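What follows is a single structure, written as structure tokens, with notes after it.
What follows draws every value from the coordinates through simple rules; no lab data is involved. Keep in mind the model is a prediction, meaning the values are calculated, not measured. Positions of Cβ are generated from backbone atoms using ideal geometry, with glycine treated the same way; all protein chains shown enter the neighbour counts.
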Amino acid sequence: MHFDLLIIGTGSGNSILTPEHESWRVGLVERGPFGGTCLNRGCVPSKMLVLPADLVVDAAEAQRLGVHFAPPRVDWPSIRERTFGRIDPIAADGAAYRRSQPNVTVLEGDARFVEERTVAVSLRDGTRVEVGAERIVLAAGASPVVPDIEGLAGTPFHTSDTIMRIDRLPRHLIVVGGGFIASELGHVFAAYGSQVTVVHRGPLLLSHEDGDVSRRFTEEFGRRVQLRLNRAVTSVEHRDGRFRVLVSPTATDASDPDEVIEGDALLITTGRRPNGVELGVDAAGVRMDDAGYVITDDTLRTDAAGIWAMGDIRNPLQLKHLANREAKVVSHNLLHPDDPLHLDERVVPRAVFSHPEVASVGAREEDLRARSHRYLVGRRDYGDVAYGWALEDRSGFAKVLVCATTDQILGGHVIGPQAATLVHQISQAMTFGIEAHRLATEPIWAHPALPEVLENALLDAGEPA
């Protein structure tokens, strides 16, 4: 079986195909549901669970505004059905549509390279087929990392791939890890009424964020869940439907005693690993970096002739919106190899949909200090602007980092309500090279709207020398 184009992975990889590819013989390899991680077990279902969780927390916090609600009743089966009752048909319809196209062959199973531009696909029916192609796109994403913890293997633990489809809410959910998945899903289940304990080997949650944001998030999130920071899970036992998790201090707190935490559900959120090794891409001459990410240039070509890569398999940011942009670049470059597009990854916003919400773009203050880059800092609390007063917000703030010589915005960080929306104004300014002082003083900022917190943070940074 030979194709003009073989795409491995149907997340953003599925959107590569345009009407211009209709004359090509195309193969699509997928081992799971169509749509990949984001649609089926990532950003889409998790946000559909986050929204009801936000409503529960908002109702509880409304008391400070003088509004009192009865304790909410969370109907988990209805929430889950609303989520996957919409998502599963989309995945099924996507697969059916591709199968209906005369130029497309869908291969359901696991792919692994056997040589340059030749892949063996182990199909779900137990058969195996070798597939060759003139061009191959690696869009196979990433998978949850399961740490080597004594006793963990063989227990019914969850990862982000499975936890959102559970039959009933846990009474006590133990979460291992301290990144965005732990923060989002910990928020969800805590809001729905589960006791949540987060075990993290570091001192702060969301340690990939700017330090000020990470510290504030850890403080605020710790008001709603039990945090076991500077702790590592050393063993897991599961018996009679209960997990017994042995937690030991890390080296920084080595004098503290061990602790056993018991719960009825265990969620492992210790990162996601790109799937390049699983695909055996080295057999095709494709290079990976030390973390296992496929190496490409800015046209998304790999070192191997005729092979491109996109999405989580190549990019450690692992962001759907970046993968969507990559798909457009790959789609164009497959069709127009002599006039390629180049991916610009200098300005990529990101968000964590927890409570409080977090969003950021560009450099952290730690990054600028490490580079000895001269910079100015502007910061404004939500509570210092009129809309923040209305919210009675006591924890949110916006922070901007500005080059001390050029006035270019180097980074923006927001924690609090609507953070993911607010950060886009900073992102756009960075993309188009609008200086911080111009952004602060030339537009007319609507009053009393929440974006005033950005205006004031920019003004607080001052003008460059």
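Over all other residues within a Cβ to Cβ distance under 15 Å of His21, the charged ones net out to 0, with Lys and Arg as +1 and Asp and Glu as -1.
Size estimate for segment 334-465 follows the Kirkwood approach: the inverse of mean 1/r over distinct Cα pairs works out to 15.3 Å. In this structure the amide hydrogen of Arg273, modeled in the peptide plane, comes within under 5 Å of the amide hydrogens of Ser143, Val145, none closer than 5 places in sequence on its chain. Taking a sphere under 11 Å around the Cβ of Val145 and counting the other residues whose Cβ falls inside, with K and R at +1 and D and E at -1, yields a net charge of +1.
In whole angstrom, segment 33-133 maps to an equivalent ellipsoid with semi-axes of 45, 14, 11, each derived as √(5λ) from the alpha carbon gyration tensor and ordered largest first. Within a Cβ distance under 9 Å of Leu123, other residues only, what is the Lys/Arg minus Asp/Glu net charge? So the surrounding residues net to -1.
Residues Ile136, Ile174, ranked from the fewest to the most other C-beta atoms within 10 Å, line up as Ile174, Ile136. Given the chain, what percent of its DSSP beta bridges are antiparallel, to the nearest 5? Among the beta bridges of the chain, antiparallel pairing accounts for roughly 60 percent. Need one word for the chain: rounded, prolate or oblate. Basis is the Cα gyration tensor (sqrt eigenvalues a ≥ b ≥ c); a/c below 1.5 gives rounded, then a/b vs b/c decides. Oblate. Neighbour counts of C-beta atoms inside 10 Å place Ile295, Ile7 in the sequence Ile295, Ile7, starting with the fewest.
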